[in-house]
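Single-structure report; data block below.
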Amino acid sequence: MKSISLDITKAQQFLPAGAIMALKEQTVAARKGLEEGTVPGNDFLGWLHLPSSITPEFLAEVKAVAEDLRSKAEVIVIAGIGGSYLGAKCVIEGLSNSFQWLVKDAKTPAIVFAGNNIGEDYLYELTQYLQGKTFAIINISKSGTTTETALTFRLLKTQLEQQVGKEKAKDLIVAVTDAKKGAARTCADKEGYRSFIIPDNVGGRFSVLTPVGLLPIACAGIDIDQLVVGAQAMELQCAVDVPFEENPAAIYAATRNALYQNGKKIEILINYQPKLHFYAEWWKQLFGESEGKDKKGIFPASCDFTTDLHSMGQWIQDGERTIFETCISVENPDNTLLFPHDEENLDGLNFLAGKHIDEVNKNAELGTRLAHVDGGVPNILISIEKLDAYNYGQLIYFFEIACGISGQLLGVNAFNQPGVEAYKKNMFALLEKPGYEEETKAIRAKLAAE
Ligand SMILES: O=P(O)(O)OC[C@H]1O[C@H](O)[C@H](O)[C@@H](O)[C@@H]1O
């Protein structure tokens with residue numbers, strides 16, 4: 001099977017000669033640091049050899065639980081946020097029929113995501129939708145205490161127990177959480193739910209290849225074996241003994257850091273396939289939480305083309321020259337659709353007659369790349385053969401290891417996220433959570449003084 005390919009030539013032309021090679025030594029050291037576990041945040045390196053350590057027995061266990069839920073439920077609600085949401089969401093969106101939610105298909109339950117927001121209307125409408133339906137809940141939280149997810153889980157658990165009774169609900173709830181800590185673990189053990197463990201040394205945004213991602217993905221009927229095989233292939237391709245010039249993750253990490261050092265502060269992940277929209281959401285958490293700290297870091301943004309060429313295209317072509325693009329290009333679509341000839345040609349589109357829709361898309365892609373490069377936007381091109389589980393596996397591991405290397409080139413601990421606590425602290429103080437009495441007083445005083 002084909003490996004993903006990386007082309008940096010249209011980024012390199014914006015850099016001083018030798019700028020990427022100047023980072024070679026540091027990049028090689030960063031890759032070695034990951035292997036030897038000497039990097040900052042080294043207690044969170046469990047993702048590094050995760051693909052090759054996944055056993056067929058473990059995958060069989062995940063698939064068995066997924067099959068069981070698929071056979072019992074019309075709807076499976078995946079409750080989780082951040083790393084406990086985006087990996088599954090990006091793979092399921094990427095590899096399912098775009099209109100799956102409209103298709104009445106007895107084999108595949110509707111997969112619904114929740115626990116990733118606190119929208120009263122969202123949750124009200126969800127609970128309404130679930131009324132009278134047999135639904136299952138996968139409650140995913142590494143800490144087991146995340147407010148958005150815990151709040152949603154309580155709502156859904158209550159509803160499920162009311163609808164089917166406590167005993168039956170037990171069979172329809174699965175927890176994915178820490179082995180020992182957190183309310184989700186306490187609840188799973190006490191209620192007797194089936195559960196999977198998130199390894200201690202795998203942080204949320206690196207956890208898609210643990211049951212956090214694998215269980216929901218298997219529930220959607222996607223081939224998790226091939227996802228893992230793809231990740232394993234990329235693990236080999238980015239191994240510590242692969243020379244810098246042949247390691248795509250090392251080259252990508254060095255290139256984006258060279259661009260950053262030369263004033264390109266924003267990276268826009270581009271796709272030309274709507275199915276990749278949530279891939280970018282996953283990627284933004286991966287790089288945003290890993291690198292945005294100590295008042296540094298490339299801002300990870302994303303656009304869906306050609307859609308956003310009609311909204312953000314102007315800015316990208318002509319705005320401040322602080323951006324670069326990384327484009328994920330999919331070589332082959334899965335299906336064939338040819339553009340029809342029309343005798344009257346009222347729309348003037350007969351020049352496209354007989355062409356694949358993808359040919360139009362590919363020319364839009366090439367035309368855009370040339371225009372943006374001409375407009376001063378460096379372009380990194382990542383090509384994959386097609387959107388399937390194998391290629392998704394490759395892409396996931398590629399960006400994970402690139403991120404691990406890149407964080408070190410930037411000089412940050414890529415595996416923590418201390419900044420995320422600030423909003424939580426204020427929210428708990430404002431909501432008068434027990435234990436936050438001092439913070440409540442302080443924040444009320446602050447608001448009164450404004
Ligand atoms: O899995 P959980 O513990 O519920 O965490 C879910 C998410 O929320 C946090 O606040 C972190 O910033 C994320 O890195 C994490 O993925």
Exercise. Sort out which residues of the stretch 100-125 are hydrophobic (A, V, I, L, M, F, W, C) and either farther than 22 Å from Trp282 by Cβ or not assigned by TED's automatic domain parsing to the domain that holds Val208 (or both), and write them in order of number.
Key: Leu102, Val103, Ala106, Leu123
Exercise. Go through Thr9, Thr55 for me and flag whichever is over 30 Å from Ile137 (Cα atoms) and of a type in the set (Ser, Thr, Tyr).
Key: Thr9
Practice problem: Count, please, the residues in the stretch 1-20 that happen to be part of a helix (DSSP H, G or I) and without any contact (Cβ under 8 Å) to a residue 24 or more places away in the chain. | Solution: 1
Quiz item: Looking at the stretch 354-370, is at least one residue assigned by TED's automatic domain parsing to the domain that holds Ala253, more than 24 Å from Ser98 (Cα to Cα) and in contact (Cβ under 8 Å) with a residue 24 or more places away in the chain?
Solution: yes
Quiz item: Do you know which residues across the stretch 339-355 are touching a Gly at 6+ places or on another chain (Cβ under 8 Å) and loosely packed, with under 13 Cβ neighbours inside 10 Å?
Solution: His341
Quiz prompt | Complete set of residues in the stretch 170-180 that are of a type outside the set (Lys, Arg) and away from the ligand (no atom under 14 Å from the Cβ) | solution = Asp171, Leu172, Ile173, Val174
Practice problem: Hey, can you tell me all the residues within the stretch 403-414 that are surrounded by fewer than 24 Cβ atoms within 10 Å (Cβ to Cβ) and assigned to a loop (DSSP other than H, G, I, E, B)? | Solution: Gly411, Val412, Asn413
Quiz item: Are any residues in the stretch 181-195 surrounded by 16 or more Cβ atoms within 10 Å (Cβ to Cβ) and within 13 Å of the ligand (Cβ to nearest atom), and if so, which ones?
Solution: Gly182, Ala183, Ala184, Arg185
Practice problem: Could you tell me whether any residue of the stretch 196-217 is surrounded by fewer than 24 Cβ atoms within 10 Å (Cβ to Cβ), free of Cβ contacts under 8 Å to residues at least 60 places away in the same chain and in a helix (DSSP H, G or I)? | Solution: no
Practice problem: Mind listing just one residue for me: the one in the stretch 134-160 that is touching a residue at least 60 places away in the same chain (Cβ under 8 Å) and more than 16 Å from the ligand (Cβ to nearest atom) and, of those, farthest from the chain's Cα centre (by Cα)? | Solution: Thr134
Quiz item: Would it be correct to say that Ile251 is within 26 Å of Met1 (Cβ to Cβ), more than 16 Å from the ligand (Cβ to nearest atom) and of a type outside the set (D, E, K, R)?
Solution: yes
Quiz item: What number of residues within the stretch 359-409 satisfy the criterion of being under 25 Å from the mean Cα position of the chain (by Cα) and either modelled with pLDDT under 95 or of a type in the set (Asp, Glu) (or both)?
Solution: 4
Quiz prompt | Test for Ala239: is it assigned by TED's automatic domain parsing to the domain that holds Gly375 and surrounded by 21 or more Cβ atoms within 10 Å (Cβ to Cβ) | solution = no
Exercise. Give the stretch 176-195 a look and list any residue that's touching a residue at least 60 places away in the same chain (Cβ under 8 Å) and more than 20 Å from the chain's Cα centre (by Cα), or say none.
Key: Arg194
Quiz prompt | Within the stretch 66-90, considering residues that are of a type in the set (A, V, I, L, M) and more than 16 Å from the ligand (Cβ to nearest atom), the one surrounded by the fewest Cβ atoms within 10 Å (Cβ to Cβ) | solution = Val75
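The values are calculated or read from the model by the stated rules, or taken from the named source; none is laboratory data. Predicted model only: the values in this text are computed from it and were never measured. Neighbour counts run over all protein chains shown; Cβ positions are idealised from the backbone, glycine included.
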